[in-house]
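Structure first, then comments.
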Amino acid sequence: MSKMLDQVVAAIEPIITGFGMELVDADYKNLYGNMTLTVYIDKEGGVDLNDCEQVHNAIDPILDELDPTAGAPYHLNVSSPGLDRPFSREKDYLRHIGQDVEVSLYKAIGNLKKFEAKLLSYTTDAVEVSYRDQTIKLNIKDIALMRAAIKF
């Protein structure tokens, strides 16, 4: 994370936590010709539009005072991380134990490179998944992407 984003996170994380939510990520980039600061929030059961509005209204004056862009204009966006967000933190893996996940590996194991499985366990070094009644241990470093499987 950049120094600017580190300052933003430090300033707004306590506010978000105070609402019973967690700050998942923040980024600052050009979207559709406008510099945009996007703050991703989550909570057990997911966030809704009211949660995003509540956080936006609470952090906007804090960010105005902090002036993280040194006067440069930007748009503030508060969003959920999305259902299709790849797992990046321990909480992501732990929250999905026992659920179906999509897995993409950097190198195929046998004939498996992209597949759907049930996440059985997580450690900082590896996960175990169940695929077609087989338990497979995968090193975290070998996983290109893992995310919740979305079923309609």
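The values are calculated or read from the model by the stated rules, or taken from the named source; none is laboratory data. All of these numbers come straight from a predicted model, not from anything done at the bench. Ideal geometry is used to build each Cβ from the backbone, glycine not excepted, and the neighbour counts take in all protein chains shown. Note: areas computed on protein heavy atoms with side chains; ligands, DNA, RNA excluded. Shrake-Rupley method; radii C 1.70, N 1.55, O 1.52, S 1.80 Å.
See the values below:
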read-out: Under 5 Å, built H, 5+ apart or other chain: amide partners of Ser121; value: Glu128
read-out: Within straight-line cross-link reach of Lys118, lysines at Cα separation under 26 Å, skipping those fewer than 8 residues along the same chain; value: Lys43, Lys91, Lys107, Lys137, Lys141, Lys151
read-out: For the chain, average projected area of the Cα convex hull in nm²; value: 11.0
read-out: Relative contact order of the chain, pairs being alpha-carbon contacts under 8 Å that are 6 or more residues apart, as %; value: 18
read-out: Nearest 10 degrees, 0 to 90: helix 3-18 Cα axis against the chain principal axis; value: 80
read-out: Ala10-Thr36 FRET efficiency (beta carbon distance; Förster radius 25 Å; 0.05 resolution); value: 0.80
read-out: Helix axis angle, 49-66 relative to the chain longest principal axis, alpha carbon, degrees; value: 50
read-out: Ala108/Leu83 FRET efficiency (R0 25 Å; Cβ-Cβ; nearest 0.05); value: 0.45
read-out: Accessible solvent surface per residue of the chain, calculated while the other protein chains remain in place, 1.4 angstrom probe, Å²; value: 61
read-out: Placed amide H near Arg147: partners under 5 Å, 5+ positions off or other chain; value: Phe87, Glu102
read-out: Under the Karplus curve 6.51 cos²θ - 1.76 cosθ + 1.60, θ = phi - 60°, whole-Hz ³J(HN,Hα) for region 101-114, x wherever Gly or Pro sits; value: 9, 8, 10, 10, 9, 5, 10, 5, 10, x, 9, 9, 10, 10
read-out: Evaluated over region 73-121, the Cα radius of gyration and Dmax, each in Å; value: 14.8, 51
read-out: Percent accessible area from carbon and sulfur atoms, the chain, protein chains only, probe 1.4 Å; value: 49
